[in-house]
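See below for the structure under consideration.
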Amino acid sequence: MNIDFPPSSKGTYNNASSSRRLCNYLEKEDMKRMEQGVYTEGFFNLAEDNIYKSQMVKDIDSNIGQLMKTDAKFYAIHVSPSEQELKAIGNTEQEQAEAMKRYIREVVIPEYAKNFNKELSAEDIKFYGKIHFSRDRSSNELNMHCHLIVSRKDQSNKIKISPLTNHKNTKKGTVKGGFDRKNLFQQAEQGFDKLFNYDRQLTETFEYCNTMKNGSISDQLNMQERQITDERKNTDVQISNDADKIENKFANYQDTKSENIFSNLNEAKQENKQSFNLPDLGLSSALELLTPNINNSENEQQAPMKRKKKKPKRGFRQS
């Protein structure tokens, strides 16, 4: 998750004057998408959606009590999820936009208010948001991000709050409270993971990116060691999961095979029962044909055999 504060400029981000120029810029993408007949998102705040631009400009521009002419009247904030994070919060642009608004309302703004250390809540922050779906000069497939315009003054128009101050939780001096941007980034990141049950890898964390960019050599080496350790753990977990899957598949195969064998045996038994379960008459007849008559055989053996008389041989009589 990338959160940044664009610096004030003489152009679109000139925050010493009216917010109208920035609001006009934020509506440009809507015009293109409407021409294409594509889904668009209006301005929103903590409680409302589809707020008119004129209402938003009037509300921001009138909340400037006790500010000098050259003082900042509002601040711009960009909240840009990565492609992996966008895929985790929705499958369509509309789902992702709704999830993004929920994240701004439930995590970013509450953490923003808390970070001033002035006992402020999300309800004390006057802000408006605008979802954008594309980004110039980006090759990413998903580019949805959110623009926030946050008033320099709280809702009561009494307390000055600036996220660009370098004071951090100060209790003495002109500025009381301050603002810790690093703490905001980390808390907003953790809030995203908790809200959407996102499994963030070490290389995706603010801590890792900040250390590798701004940390000392020793800090960078320690972070790389952590990265190697985490990658090994992830590899071991993946191997274990793959082994479990293979074992489960084999067990399921064995169970299915056993069930088929028992099923075939039962079918064979049923077929054998059916083939031998013949009517009694038919079985008796078959046995009579195959079994010799024992009584007749014994009678034949006991009856004496008649001898045939020998006929005299024909020949010449002697005188």
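Points worth noting:
- Radius 12 Å from Cβ of residue 80, net charge of other residues (Lys, Arg +1; Asp, Glu -1): -2
- For segment 10-85, the relative contact order is 37 percent, taking Cα pairs closer than 8 Å that sit 6 or more residues apart in sequence and dividing their mean separation by the residue count.
- Exposure proxy shown here: for 106, 85, the number of other Cβ atoms within 10 Å sets the order, fewest to most, as 106, 85.
- For 232, 152, 135, the sequence from fewest to most other C-beta atoms within 10 Å is 232, 135, 152.
- Net charge of neighbours whose Cβ lies under 11 Å from the Cβ of residue 42, counting Lys and Arg as +1 and Asp and Glu as -1: -2
- Taking other C-beta atoms within 10 angstrom as a stand-in for reagent exposure, 78, 147 fall in the order 78, 147, fewest first.
- Using θ = phi - 60° and Karplus 6.51 cos²θ - 1.76 cosθ + 1.60, couplings along segment 187-203 (whole Hz; Gly, Pro as x): 5, 5, 5, 5, x, 5, 4, 6, 5, 10, 6, 8, 8, 7, 7, 4, 5
- Net +/- balance of residues flanking residue 23 in space, Cβ distance below 12 Å, scoring K and R +1, D and E -1: +2
Quick note: the coordinates plus some simple rules give every number you see, no bench work behind them. Just so it is clear, the structure is predicted and the values come from calculations on it, not from any experiment. Counting neighbours? That spans all protein chains shown, and the Cβs are built from the backbone with ideal geometry, glycine included.
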